[in-house]
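What follows draws every value from the coordinates through simple rules; no lab data is involved. Quick caveat: nothing in here was measured; it's all calculated off a predicted structure. Here the Cβ is made from the backbone with ideal geometry for all residues, glycine too, and neighbour counts use every protein chain on show.
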Ligand code: CTP
């Protein structure tokens, strides 16, 4: 494939060298188009040596061959990493004052921009508006990672890892898969809330992004999807003709909705973070402070929905998939806990991911190991939540295929 790799002048420009290497190792031809500012971070010889191609920054460098038009027409994919706030603004406005911005105006292939900048610049209304404009035009703009930035500051603005950028970019041009066509799937997402009184609840930090990514990926692969969304932010809930959304709040509501939709489904994926306990009683009035101090909250155990689905099988041959967020502790590492959980829950597949203060929750890249019911590794996925979702569906599709072959 012919790829244009644009590099703009952020400190993270050095990471683009790794993006370039990964693309070259995967067998792609890459033309690097840095901006002048990017060349102050990483010099031309590095880009020429790693790409084996000439490197130009200006439209007048090779005016005879009208390089920007040739580059744009010949490209199968354009990646800009890092993409500064300035590049986003120029691309949104359609400005063309160097080879990279000019090339962006001539391409018709998929374009992926990987922004990196200080948190304030990323969150600025101007940048967010530019990102929205670009996304509205079909440009793929990755969300930056959260974490340590160039100085002492931390927050969203880090360039995503080179492997994640490459995987997200290549996914844009990979042939469409429809291996779930004709299948009906249920995905639970989000986190359940158990009311204590009319204003308080026991809950968890699950955003629902992974479950939403699973629903979207399943729909893209041809499935009819019911998304059972437990307290998922409206902005995240997909509006897709193949995805029916059922909103729930508590574990018991989630259980009812999943069982109801699951009775006709080929696959049920429990990606929701389910509260294991709920207050034994819920008051109808707000609990007030008293001089006697807080009264203890008595809890009772919620049903284990995944274990129930696995034990009962609402439909013959149904594939039941669980997720396990683990941290590892003195008694075993993440995978050891995952294996134990896979056997205990009895699901067909369990996607195990490591969570911690900055891993697994919210808008961060993910890594999962997919185990079968005996605890053997049957797949792995890493990168964005969309990529993890595809890894899970790959494993599910393989099981569905195997079952169909046996039936024949
Ligand atoms: N799950 C469920 N019902 C519950 C708890 C969990 O269906 N009451 C499902 C989750 O949706 C997930 C899987 O079980 O797919 C694993 O969830 P997790 O919270 O890791 O499992 P627990 O059984 O709660 O284990 P732990 O003791 O580690 O909390």
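Quick notes on this one:
- DSSP bridge analysis restricted to the chain gives an antiparallel fraction near 35%, rounded to the nearest 5.
- Each 10 Å bin from zero holds the following percent of Cα-Cα pairs in the range 208-289: 16, 47, 23, 10, 3, 0.
- Euclidean distance of C-alpha centroids, the range 143-183 and the range 88-116, integer Å: 19 Å
- Shape category assigned to the range 258-375 from the gyration tensor of Cα positions, a/c cut at 1.5: oblate
- Computed Kirkwood radius, in angstrom, where 1/r is averaged over Cα pairs of the range 168-235: 13.7 Å
- The range 59-156 - convex hull of alpha carbons, volume per residue in Å³: 92 Å³
- Tail weight of P(r) past 18 Å, computed on alpha-carbon pairs of the range 68-118, percent: 25 percent
- Against the chain, whose longest principal axis is taken from its Cα atoms, helix 162-173 shows a tilt of about 90°.
- Seen against the Cα atoms of the chain and their longest principal axis, helix 385-407 is set at about 60 degrees.
- Relative to the longest principal axis of the Cα atoms of the chain, helix 13-25 runs at roughly 80 degrees.
- Overall form of the range 1-124 per C-alpha gyration tensor (a/c, 1.5; a/b vs b/c): rounded
- Size descriptor, Kirkwood hydrodynamic radius, that averages inverse alpha-carbon separations across the chain, Å: 23.3 Å
- Shape category assigned to the range 9-57 from the gyration tensor of Cα positions, a/c cut at 1.5: oblate
- Placing a label point 7 Å from the Cα of residue 252 along the Cα-to-Cβ direction, the residues of the range 171-205 with a backbone N closer than 18 Å are 192-203.
- With the alpha-carbon atoms of the range 292-356 aligned to their principal axes, the span from lowest to highest coordinate is 56, 31, 17 Å, starting with the largest.
- Taking 0.36 nm per residue of separation and subtracting the Cα-Cα distance, full extension of the segment from residue 126 to residue 163 would add 10.5 nm.
- Expressed per residue, the C-alpha convex hull volume of the range 115-248 stands at 149 Å³.
- DSSP bridge orientation in the range 194-248 - percent antiparallel, rounded to nearest 5: 35 percent
- Semi-axis lengths, largest first, of the ellipsoid equivalent to the range 127-203 are 30, 27, 14 Å, with √(5λ) applied to each eigenvalue of the Cα gyration tensor.
- Unit Cα scatterers, Debye sum, the range 264-331: log10 I(q)/I(0) for q = 0.24, 0.26 Å⁻¹: -1.08, -1.16
- When the helices of the chain are scored as -39500 (n - 2.57) per DSSP H run of n ≥ 4 and the total is divided over every residue, the value at 222 nm lands at -11000 deg cm²/dmol.
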